[in-house]
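Report on one structure; see the data block that follows.
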Amino acid sequence: IGVVSNKSAVGFWTLEDVVGTEKFRTAMRHFISNHRFSHPSTADFRAALEAELGSQSWFFDEFVSKAGTIDYAADSISTTAQQSSASIRRIGTVRVPVDVKITSRSGTQRTEQWDGQAETASYVQPASDPIARIEIDPQHKLHAELNIRNNGLNASPDLGNIAAAGGRLAFWTQLVSTLFGLFG
């Protein structure tokens, strides 16, 4: 039994979401109409897509050819008296552009695009409205990303979830203790 890889499908799905569905479909239509009834090479396919989409070296050179991986992580959020900063890093080998959403304590949000070329990136703003949350790929375009669980980070822990978990733990502890008392 052979192993079937879905890397190509997930890769094209990721490419489509990164460049936009309409642009991707237009590029594919042009490729199909220009190479109908012929035997196009991989180079023909790449040239046709890049003619419509611009350079996509992250996809062809890093993801497809080198069996690279896509993975990003939110690293830290810190605030001093002067500024608030958040840092993210690229863990994978593929340098795909990615959106980064920064939410301030006041609730204002901005989205930046990071080209992913460097291993890390930092975002800074005044300490008067510190960064409350940073999220990589908020629209989940990177379907081929290895680990999406580390894509978001809050400046402070969400105490509501911790309190709820503590309440559930206390309930079950009390229940078990009562059952042992009745039947013990």
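Some observations on this one:
- Selected from 152, 177, 48, residue furthest toward positive end of dipole (region 31-184; charges at beta carbon): 177
- Helix axis angle, 7-19 relative to the chain longest principal axis, alpha carbon, degrees: 90 degrees
- Farthest toward positive dipole pole in the chain [+1 Lys/Arg, -1 Asp/Glu at C-beta], among 10, 77, 58: 10
- Candidate residues 114, 172: accessible-area rank, largest first, probe 1.4 Å: 172, 114
- Among the trypsin sites (Lys or Arg not before Pro) in region 104-184, those located in a DSSP loop and surrounded by at most 14 other Cβ atoms within 10 Å of their own Cβ are 149.
- In Å², nearest 10: area of residue 169 left accessible to a 1.4 Å probe: 120 Å²
- Among the trypsin sites (Lys or Arg not before Pro) within region 1-66, those in coil by DSSP and having at most 11 neighbouring Cβ atoms inside 10 Å are 36, 66.
- Seen from all directions on average, region 93-160 presents a Cα convex hull projection of 5.4 nm².
- Compactness of region 62-181 - radius of gyration and Dmax, Cα, Å: 19.1, 65
- The GluC sites (Glu not before Pro) of region 82-184 that DSSP puts in a loop, and whose beta carbon has at most 13 other beta carbons within 10 Å, are 119.
- Shown are 156, 87, whose ranking by accessible area with a 1.4 Å probe and every protein chain present, most to least, is 156, 87.
- Angle between the chain longest axis and helix 159-183 axis [Cα atoms, degrees, rounded to 10]: 50 degrees
- Residue-averaged 222 nm ellipticity for the chain, from DSSP H runs of 4+ at -39500 (n - 2.57), nearest 500: -11500 deg cm²/dmol
- Using alpha-carbon coordinates, inclination of helix 21-34 to the longest axis of the chain, degrees: 20 degrees
- Rounded to the nearest 10 Å², the accessible area of residue 124 at probe 1.4 Å: 70 Å²
- Sequence-distant lysines (8 or more away, or on other chains) whose Cα lies within less than 23 Å of residue 66: 7, 141
- Positive minus negative residues near residue 77 (Lys, Arg vs Asp, Glu; Cβ under 12 Å): 0
- Surface share of carbon and sulfur [accessible, 1.4 angstrom probe, percent] for the chain: 55 percent
- For the chain: accessible area per residue (Å², 1.4 Å): 63 Å²
- Positive-pole candidate from 107, 30, 86, dipole of the chain, charges at beta carbon: 107
- Charge dipole (Cα centre; +1 on Lys/Arg Cβ, -1 on Asp/Glu Cβ; no other charges) of region 50-184 amounts to roughly 580 debye.
The values are calculated or read from the model by the stated rules, or taken from the named source; none is laboratory data. None of the values given here were measured: they were computed from a predicted structure. Note that each Cβ is placed from the backbone with ideal geometry, even for glycine, and that neighbours are counted across all protein chains shown. These accessible areas exclude ligands, DNA and RNA; they are computed on the full protein's heavy atoms, side chains included. Shrake-Rupley method; radii C 1.70, N 1.55, O 1.52, S 1.80 Å.
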